[in-house]
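The values are calculated or read from the model by the stated rules, or taken from the named source; none is laboratory data. It should be emphasised that the depicted structure is a prediction, and the values quoted were computed from it without experimental measurement. Neighbour counts are summed over all protein chains in view; Cβ atoms, including those assigned to glycine, are modelled from backbone coordinates with ideal geometry.
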């Protein structure tokens, strides 16, 4: 079994490997990295970027993937159209964790370092909540320093900053979603210290992809 995961930043690869190692160790994970997906993104998906992401999804499906997952949170909208281009399951970074979040509570905090991630995460949470016919309150936390912190201070710095953001959200929420795959590198440490449940997108994706491939 093979899962192809598509990345826009290198920092999201180790969390994916960790999550699949814990949740779905029997699969072979192939990581495709295109840093231009991040460098060329300017708060919206251009037609050229949509074609590039769709091409990577097709590439993965054509080279032995039993399923394709996106680790690039801002590219989640491409999945809706790309699903029609391949004959294997394709999941966004949001879909799995959104469903798990709504299973756990109705007041959901979302931490992200990019405004588009906050916007898109809230959109997908509200879309799923509407489909379920449930009330939802979203509490966004934009922390634009998180990627620079990962690059300058490593996992220790990321853990510190994420715990700070979770603690700010905790009085208002039932749980917190770490909105970007790269944040999951500190997931176990943050979850152990957090006063509310915390969900990691790569772990949610690994669980769903395992289920989809089994089907």
| query | Restricting attention to segment 133-167, which residues are in a helix (DSSP H, G or I) and under 21 Å from residue 98 (Cα atoms)? | reply | 162, 163, 165, 166, 167
| field | Residues of segment 144-167 classified as at pLDDT below 95 and surrounded by fewer than 17 Cβ atoms within 10 Å (Cβ to Cβ), total | value | 9
| query | What about residue 108, is it part of a strand (DSSP E or B) and either in contact (Cβ under 8 Å) with a residue 24 or more places away in the chain or assigned by TED's automatic domain parsing to the domain that holds residue 18 (or both)? | reply | yes
| field | Members of segment 170-190 that are at pLDDT 90 or above, closer than 19 Å to residue 17 by Cα and surrounded by fewer than 19 Cβ atoms within 10 Å (Cβ to Cβ) | value | 189
| query | Within segment 74-85, is even one residue closer than 16 Å to residue 206 by Cβ, at pLDDT below 90 and surrounded by fewer than 16 Cβ atoms within 10 Å (Cβ to Cβ)? | reply | no
| task | Determine, yes or no, whether residue 24 is farther than 16 Å from residue 213 by Cβ and surrounded by fewer than 23 Cβ atoms within 10 Å (Cβ to Cβ). | result | no
| Residue that is modelled with the lowest pLDDT, among those in segment 111-124 that are crowded, with 23+ Cβ neighbours inside 10 Å and part of a helix (DSSP H, G or I) | 120
